[in-house]
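Questions regarding the structure given below will be posed in turn.
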Amino acid sequence: MRSRPIKGQDQQRFGDDPLAVRDTDHYKAEYVTGFVDKWDELIDWKRRYESEGRFFIDQLKERGVREVLDVATGTGFHSVRLVEEGFETVSADGSPEMLAKAFSNGQSYGGHILRVVQADWRWLNRDVHGTYDAIICLGNSFTHLFSERDRRKALAEFYAMLKHDGVLIIDQRNYDALLDGKYGNKHTYYYCGEEVSAEPEHVDEGLARFVYRFPDASTYHLNMFPLRKNYMRRLLREVGFQQVDTYGDFQETYQGDEPDFFIHIAEKAYLREGGDPAERYSAAVRTARDYYNSSDADTFYHSVWGGTDIHIGLYESADGDIAEASRRTVERMAAKPGIGPDTRVIDIGSGYGGSARYLARTYGCRVTCLNLSEVENERNRRANQEAGLDHLIEVVDGSFEDIPFQDNAFDVAWSQDALLHSGDRPRVLEEVARVLRAGGHFVFTDPMAADGAPQKELRPILERLHLDTMGTPGFYDRETARLGMSKVGFDDLSEQLPRHYGRVLEVTEARGAELAGKISEAYLTRMKTGLRNWVRGGESGSLAWGILHYRA
């Protein structure tokens, strides 16, 4: 007679109200022996090996890593891979059942003897000794920490156990998609077992309860905290990590609701003053820098936009002059913050410096131009000298994700159509808030997605920009409010966006023969395709643009 399969709920202890179980320490009652024994069915080592390839191995070897601490060993998949690749590996986990299974798996897969340590992340330095080149925390494990205090304590422990130039690699499920109603787990990565299902049973901002169903009809549950991507990135920075790059399913660029998992790579290495600022640029900023430094891009923007302003203009007619329309945008923005001779302005993403020269010439104020393209910055400096304004304008090579100025340094933060190039806009806004004095003004424009715009409508534009998301008016309202800024107003000028890009397209096509001798055909083809995408997106209502004004 065949016995009834043991159900997970017969072993796991969640009490009368499973949705009320939101405690960090409860994971010990969730990873019971029966669940641990089946965990490898969920992972499917062979399929997982194929899906992630050498991503983590290459990330570690590129950084010269030798010693690795695997703090979320689980049943040992990554620890075994690390040992096989020659890394000196210590395998830690809070669950003794998981460690026992990992040790057994190490012997089964290649005869490896894993160095296992039972440890609680919150007291990691107590249980594990030494420092490491890298710490990995994989398998959506960090999501078991339910309190802000526990998360910060664990990250502080990780940080302390890394060497001065160490790296933390930590992953999480795409809870943004889950919380925002876009969940579509493909089981392509991580949970690769085809015969096992892992589906959300309950989701709110404080709990994601998943049910795991196995072929023998047994079921198990996990209660996890749904970490949002940008929240996790902010925690990593606040603990002290200097640079955080985020990948979606092992890809540097991705569409925001598509990945099953996010992987954060957090660098501890501290760049001292005088170092090359480009060393700590994010992936998105590096991509934008390489693009705007290219000969094709410089020639195109300097020729078609006139080399002064490279932002969206305000048109009085469909065939209006691009340079004149662009200047109208500057004039309308400049009238908002009350600029005078004593005003200190920072222009982030200043391009060729046309706005800075207008502000300095018109108001006599001092302007600091911060821009990532050294090519554009050199043109900016020459133009300032020729205009006799270099005594009022300073041009600095740098990224708006790490503004190289002290707190409260400026009265006005200004930006035109630059913030979309950041892969970490919350970080940019934090930096703006930091360098603005109390009562200072933040005035900017940015090509945005309309609130609620379908992701599929944005995909051609995002792929062209090598980005995963765009800002929205609602996003900027929420993030500035979080930072203590008050909204002064939003001039919604979205109809100008398709008009502007359409006008640029017309000029590009009309001057085709002239530009062909100066700019590569491949670049012009891509540019015209991109311009058409902007026009379609604007005309469909999927995009938004205008002048946003906030006060610190």
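The values are calculated or read from the model by the stated rules, or taken from the named source; none is laboratory data. What you are looking at is a predicted structure, and each value in this text was computed from that prediction instead of being measured. Quick reminder, even Gly has a Cβ in these numbers, built from the backbone with ideal geometry, and neighbours come from all protein chains shown. All accessible areas refer to the heavy atoms of the entire protein, side chains included, with ligands and DNA or RNA removed. Shrake-Rupley method; radii C 1.70, N 1.55, O 1.52, S 1.80 Å.
In nm, give the distance between the simple-model label positions of VAL488 and TYR231, each being 7 Å from the Cα along the Cα-to-Cβ direction.
The modelled label-to-label distance comes out at 3.2 nm.
Suppose every Lys and Arg Cβ carries +1 and every Asp and Glu Cβ carries -1, with no other charges. What dipole size does region 422-535 come out with about its Cα centre, to the nearest 20 debye?
On the way: 17 positive and 17 negative charges, 36 e Å.
Using only the charged Cβ atoms, the result is roughly 180 debye.
With the other protein chains left in place, how much accessible area per residue, in square angstrom, belongs to region 79-127 at a 1.4 angstrom probe? Walk me through the numbers on the way to the answer.
Numbers: 2190 Å² over 49 residues.
Computed with neighbouring chains in place, this is 45 Å² per residue.
Are any of the pairs LYS182/LYS229; LYS28/LYS182; LYS153/LYS268; LYS28/LYS101 more than 25 Å apart by Cα-Cα distance, and if so, which?
Working: LYS182/LYS229 15 Å; LYS28/LYS182 30 Å; LYS153/LYS268 16 Å; LYS28/LYS101 15 Å.
Too far apart for the 25 Å limit: LYS28/LYS182.
Turning to a different aspect of this structure: Just to verify a number: FRET efficiency for SER540 and SER317, C-beta to C-beta distance, R0 = 22 Å, to 0.05?
Numbers: r = 23 Å, r/R0 = 1.03.
Once rounded, the FRET efficiency stands at 0.45.
Taking the Cα atoms only, what angle lies between the long axis of helix 473-482 and the longest principal axis of the chain, rounded to 10 degrees?
70
Suppose R0 equals 35 Å; then what is the FRET efficiency for ASP451 and SER147 from their Cβ-Cβ distance, rounded to the nearest 0.05? Display every interim value, and only then the final one.
On the way: r = 32 Å, r/R0 = 0.90.
After rounding, the FRET efficiency stands at 0.65.
Further, regarding this structure: For a quick size check, give me the Cα extents of region 288-417 along its three principal axes, largest first, whole Å.
40, 33, 28
Could you give the size of the charge dipole of the chain about its Cα centre, using +1 on the Cβ of each K and R and -1 on the Cβ of each D and E, expressed in debye and rounded to the nearest 20?
Computed charge dipole of the chain: roughly 520 debye.
Could you work out how much longer the chain between GLU85 and ASP477 gets when fully extended? Use 0.36 nm per residue separation minus the Cα distance between them, nm to one decimal. Don't skip to the end; give the middle numbers.
Working: separation 392, 0.36 × 392 = 141.12 nm, distance 4.74 nm.
That pair, GLU85 and ASP477, stretches by 136.4 nm at full extension.
Okay, moving on. Label-point separation (nm) for ARG47 and GLU199, each offset 7 Å from Cα along Cα-to-Cβ?
Placing both labels 7 Å beyond Cα along the Cβ direction yields 1.6 nm.
Next question. If I model a spin label at GLU509 and PHE405 as a point 7 Å from the Cα along the Cα→Cβ vector, what separation in nanometres do I get?
4.2
Viscosity 0.890 mPa s, temperature 25 °C: give me the Stokes-Einstein translational D for region 429-552 in µm²/s, with Rh taken as the Kirkwood radius over C-alpha pairs.
Details: Rh = 16.1 Å.
In µm²/s, the coefficient is 152.
Nearest 10 degrees is fine. How inclined is helix 148-161 to the longest principal axis of the chain, computing both from alpha carbons?
Approximately 90 degrees, to the nearest 10.
Once the other residues with Cβ under 13 Å from the Cβ of ALA516 are scored (Lys, Arg +1; Asp, Glu -1), what is the net sum?
Details: positive: ARG511, LYS518, LYS528; negative: ASP296, GLU509, GLU514, GLU521.
It works out to a net charge of -1.
Next question. What does the net charge come to around THR89 if you take all other residues with beta carbon closer than 12 Å to its beta carbon, with K and R at +1 and D and E at -1? Walk me through the numbers on the way to the answer.
Values: positive: ARG66, ARG81, ARG115; negative: GLU67, ASP70, GLU84, GLU85, GLU88, ASP133.
It works out to a net charge of -3.
For the chain, give the share of DSSP beta bridges that are antiparallel, in percent and rounded to the nearest 5; count only bridges with both residues there.
On the way: 40 of 75 bridges.
For the chain, the DSSP antiparallel bridge percentage is about 55.
Helix 374-386 versus the longest principal axis of the chain: what is the Cα-based angle in degrees, 0 to 90, to the nearest 10?
Tilt of helix 374-386: around 20 degrees.
While we're on this one: Test of understanding: what is the full-extension gain from THR131 to GLU495, defined as 0.36 nm times their sequence separation minus their Cα-Cα distance? Let's see the in-between values first.
Details: separation 364, 0.36 × 364 = 131.04 nm, distance 5.61 nm.
Additional length available on full extension: 125.4 nm.
Using 0.36 nm per residue of separation minus the Cα-Cα distance, give me the extension gain between ASP342 and SER303 in nm, one decimal. Write down the numbers at each step before the final one.
Values: separation 39, 0.36 × 39 = 14.04 nm, distance 3.41 nm.
Answer, rounded to one decimal: 10.6 nm.
If you add up the charges near HIS302, with Lys and Arg at +1 and Asp and Glu at -1, over every other residue whose beta carbon is less than 14 angstrom from its beta carbon, what do you get?
Values: positive: ARG379, ARG382, ARG511, LYS518; negative: ASP296, ASP298, ASP309, GLU376, GLU378, GLU514.
Combined, the nearby Lys, Arg, Asp and Glu give -2.
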